[in-house]
Amino acid sequence: MPSAKDLAQSVRELTRKHSAWFKDCIPLIASENLMSPAAREVLNSDLSNRYAEGLPGKRYYQGNIYVDQIETICEDLAREVFACRFADVRSTSGTVSNMAVLMALTKTRDKMTTVALSDGGHISHAKIGATGMRGIRTFNYPFDEKNMNIDIEGAKRLIREVKPKVALFGQSVFLFPTPLDEMKDVFSEVGCSTWYDAAHVLGLIAGRKFQDPLREGIDVISGSTHKTLPGPQHGMILSDLTKEGLETSLRRGVFPGVTSNHHLHSVAALAVTLAETREFGEAYADQVIRNAKALGQGLFERGMEVLCEHLGFTESHTVVVDVEQFQGGAKVAKNLEAANIILNKNLLPWDSDPVRPCGIRIGSQELTRLGMKEKDMVEVAELVARVVVKGEAPEKVKPDVIDFKRQFTKVHYCFFEGEEAYDYPAFDGDLK
Ligand code: DSN
């Protein structure tokens, strides 16, 4: 058994190797991003050692004089950026946000309409995830596979039939805005609450480049804060308090419902991210979507079956490709990893075997954060296609990936723009 010192030293070295490797990789996972230098600074502070429970001014612990001010700034910024009356910034992830909303809006055995996992729904919306743990009965919307969106008439029919307590929307494969306006009348007809998981598109909503769910009939938005919103790994809940009692039940859902301490360093990093979003968020969201479309076009022109060509591939940060003809999603994702191109296999609506999905999901939000533009997406598409379509050995493509990526190692759309994205403070040498 290695000594404690050796094990700790190994972890330090592996962490450094990870950072050095990612510096040389093309990151395409649609649920990830890079924090800004200022956000990283506060994340890596004494706040990460501290505890708070409850709300600013009403804490159980002492020591929160500055924490209270930080959390108040964070909530105020969230309300401003998303133009809403209520924000809770204490949930520690997207799934924890969803658990809090489930507590606030539902009881065991309630019925909920949701997007199916195979159509891009999130695991926490499903029976096998947090929703099932709450004992909710779920009913999936019919899905329009050609347009990769909810089938409007089918969904209206389902909501009328099921009369759910809550109609939940939002996806992890999220190409186009949900047709909320078109379904609005049905929500009021059956009197259900409406909830939208915006984890993937929060930064696009903040940048005013996607739909605005709170203006389209949604009662509650939840989300993680590290996808198109380039913040810390954390969560957030937003609402215009359209229903009586919502503020109290959402607050209680978060605490004591599903959190105790709420990761104060993440709240600070989120506050910095929201301030930067207020300043740079529109330009960032605009470029994210332009880049996703350019990437879709580039892959399509190189012989890949990118979904929804007839709709311009996407209106978000994500494009999806059916790679069944190239050995399927798992094999393609693995081969690309060997070339330092990082993405994930993904279920598509027509998949029958969840372990062997025929799709891959690609996001443009992190490349955009690194300063890439449309012309760079063409190069990314070429590197991907060399492995997937032309069948070149990944090891042969890898040096070209590294050369390309070394031009893009700095963070953009933030204060301290141009700082290195991958360098973290470190002690020199081995453990003493
Ligand atoms: N599973 C994450 C994703 O990749 O979309 C969301 O939690």
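The values are calculated or read from the model by the stated rules, or taken from the named source; none is laboratory data. Predicted model only: the values in this text are computed from it and were never measured. Cβ placement follows ideal geometry from the backbone for every residue including glycine, while neighbour counts extend to all protein chains displayed. The area values use the complete protein model at the heavy-atom level, side chains included, leaving out ligands, DNA and RNA. Shrake-Rupley method; radii C 1.70, N 1.55, O 1.52, S 1.80 Å.
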GNM flexibility winner over the chain from Gly296, Gly217, Gly359 (Cα, springs under 10 Å):
Gly217
Tell me, what is a quarter of the convex hull surface for the C-alpha atoms of the range 95-150, in nm² with one decimal?
3.6
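For Trp195, Trp350, give me the order by solvent-accessible area with a 1.4 Å probe, most accessible first, ignoring ligands, DNA and RNA.
Values: Trp195 0, Trp350 100 Å².
Of Trp195, Trp350, the descending order of accessible area is Trp350, Trp195.
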At 222 nm, what helix-only mean residue ellipticity would the chain give, in deg cm²/dmol to the nearest 500, using -39500 (n - 2.57) for each DSSP H run of four or more?
-12500 deg cm²/dmol
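With every protein chain present, what is the per residue accessible area of the chain (1.4 Å probe, Å²)? Write down the numbers at each step before the final one.
Numbers: 18520 Å² over 432 residues.
Here the per-residue accessible area is 43 Å².
Efficiency by 1/(1 + (r/R0)^6): what FRET value for Arg85 and Lys396, r their Cβ-Cβ distance, R0 = 60 Å, to the nearest 0.05?
Numbers: r = 56 Å, r/R0 = 0.93.
After rounding to 0.05, the efficiency reads 0.60.
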The set of residues whose placed amide H lies less than 5 Å from the amide H of Ile150, leaving out same-chain residues fewer than 5 positions away, is Asp144
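How large, in percent, is the carbon and sulfur part of the accessible surface of the chain at a probe radius of 1.4 Å? Please list the in-between numbers first.
On the way: 9670 of 18520 Å².
Within the chain, the accessible surface is 52 percent carbon and sulfur.
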Expressed in nanometres to one decimal, the distance between label points 7 Å along Cα→Cβ at Asn147 and Phe408 is 3.2
Express as a percent, rounded to the nearest 5, the fraction of DSSP beta bridges in the chain (both residues included) that run antiparallel.
60
Inter-label distance for Lys17 and Glu282, nm, one decimal - labels placed 7 Å from Cα along Cα-to-Cβ:
4.7
Once ligands and nucleic acids are excluded and a 1.4 Å probe is used, how much of Tyr413 is accessible, expressed in Å² to the nearest 10?
40
Please work out how much accessible surface His18 shows to a 1.4 Å probe, ignoring ligands, DNA and RNA, in Å² rounded to 10.
90
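Give me the Kirkwood hydrodynamic radius of the range 379-432 in Å, from all C-alpha pairs, to one decimal place?
The answer is 14.0 Å.
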For the chain, the Debye formula with one identical point scatterer on each Cα and no solvent gives log10 I(q)/I(0) at q = 0.08, 0.13, 0.14 Å⁻¹ as -0.45, -1.19, -1.35
For a quick protection proxy, order the peptides 270-279, 250-259 by their average other-Cβ count within 10 Å, most packed first.
270-279, 250-259
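Multiply the residue gap between Arg356 and Glu301 by 0.36 nm, knock off their C-alpha separation, and tell me the result in nm, one decimal place.
17.2 nm
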Straight-line reach from Lys396: which aspartates and glutamates have a Cα under 13 Å away, not including same-chain ones fewer than 8 places off?
Glu337
Using only protein heavy atoms and a 1.4 Å probe, report how much of Arg361 is accessible, in Å² to the nearest 10.
20
Taking Lys and Arg as +1 and Asp and Glu as -1, residues besides Ala393 with C-beta under 13 Å from its C-beta add up to +1
From largest accessible area down, sort Leu343, Leu43; use a 1.4 Å probe on the protein chains.
Leu43, Leu343
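I want the local charge near Pro142. Using Cβ-Cβ distances under 11 Å, sum +1 for each Lys or Arg and -1 for each Asp or Glu among the other residues.
For residues surrounding Pro142, the net value is -3.
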